[in-house]
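These notes concern the structure reproduced below.
The values are calculated or read from the model by the stated rules, or taken from the named source; none is laboratory data. Small disclaimer: the values here were computed from a predicted structure and weren't measured. Reconstructed Cβ throughout: ideal geometry from the backbone, glycine too, with neighbour counts over all protein chains shown.
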């Protein structure tokens, strides 16, 4: 038997451009009763013109502050700045910080690649093998380069497979570089599968900057990030709090297809029921 359930009024605050997706998601969840907005005695007001800009600036200020971490920052007053000046400065700083983050991310990836290359070069040098040998496809030979937990020579000899084997050890792992005739490849793969064989995470060998140079550049970017935080961290924290206060005076109803309907008085903004 159907019976009425107690419902709670819910207000959502999201950038206007995501409005349709949010409403669709609420419909998909099937736990909300959403009504179309209709003009009448219970009108929820007129769209607040800066809602979308404030939402975007708030999201960006929160993102930058979260990335910078909770460092000690002096409280900064924004009384001399208008809402639009605060939003513009947040947008500008967010763009600048994005460039720093991208540079940091690219250097981290380059460093990780250079470190893997260095490890690989050490192994191949100890085996007296040229790196190019593992990159070229051969019509006659197939190679296996990785770690194995069990000896493999005995099963290779048992199956009368011709092979050339080189062994190495890294971080308490035993590794192999095994060359076999191309026609024996599938048979060797089956043997290796029984020895818990783990293929070495081979990285493409390419010309890159030295590890020392990359580390130096990475330290420079970290210094830029630290300088950015010292110069702008307090403003961004104050801007985030200011924008959050603005939103406390804005009520966004999911029932409004325009995704944002507000009332604003001359003295202040007030939340509408």
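Could you list, in sequence order, the residues of the range 136-172 that are surrounded by 12 or more Cβ atoms within 10 Å (Cβ to Cβ) and under 39 Å from the mean Cα position of the chain (by Cα)? Residues satisfying the conditions are 142, 143, 144, 145, 146, 147, 148, 150, 167, 168, 170. Applying the set (1) in a loop (DSSP other than H, G, I, E, B); (2) in contact (Cβ under 8 Å) with a residue 40 or more places away in the chain to residue 103 leaves exactly one unmet item: (1). For the range 54-75, the candidate set comprises residues that are at pLDDT below 85 and surrounded by fewer than 17 Cβ atoms within 10 Å (Cβ to Cβ); within that set, the residue that is nearest to residue 242 (Cα to Cα) is 75.
Conditions (1) in contact with a helix residue (DSSP H, G or I) (Cβ under 7 Å, 6 or more places away or on another chain); (2) not in a strand (DSSP E or B), marked per residue:
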| site | (1), (2) |
| --- | --- |
| 107 | yes, yes |
| 114 | yes, yes |
| 124 | no, yes |
| 167 | no, no |
| 185 | no, yes |
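Of 237, 244, 229, all but one fail to be part of a helix (DSSP H, G or I), under 25 Å from residue 112 (Cβ atoms), touching a residue at least 24 places away in the same chain (Cβ under 8 Å) and in contact with a helix residue (DSSP H, G or I) (Cβ under 9 Å, 6 or more places away or on another chain); the exception is 229. Among the candidates 219, 237, 189, the residue that is under 28 Å from the mean Cα position of the chain (by Cα), at pLDDT 90 or above and surrounded by fewer than 16 Cβ atoms within 10 Å (Cβ to Cβ) is uniquely 219.
Could you check, for the range 85-92, whether at least one of its residues is surrounded by 16 or more Cβ atoms within 10 Å (Cβ to Cβ) and modelled with pLDDT under 85? No, the conditions are met nowhere in the range 85-92. The one condition from (1) touching a helix residue (DSSP H, G or I) at 6+ places or on another chain (Cβ under 8 Å); (2) surrounded by 11 or more Cβ atoms within 10 Å (Cβ to Cβ) that residue 133 does not meet is (1). Residue 155 meets all of the listed conditions (1) modelled with pLDDT of 90 or more; (2) more than 21 Å from residue 128 (Cβ to Cβ); (3) out of contact with any helix residue (DSSP H, G or I) (no Cβ under 6 Å at 6 or more places or on another chain) but one, namely (3).
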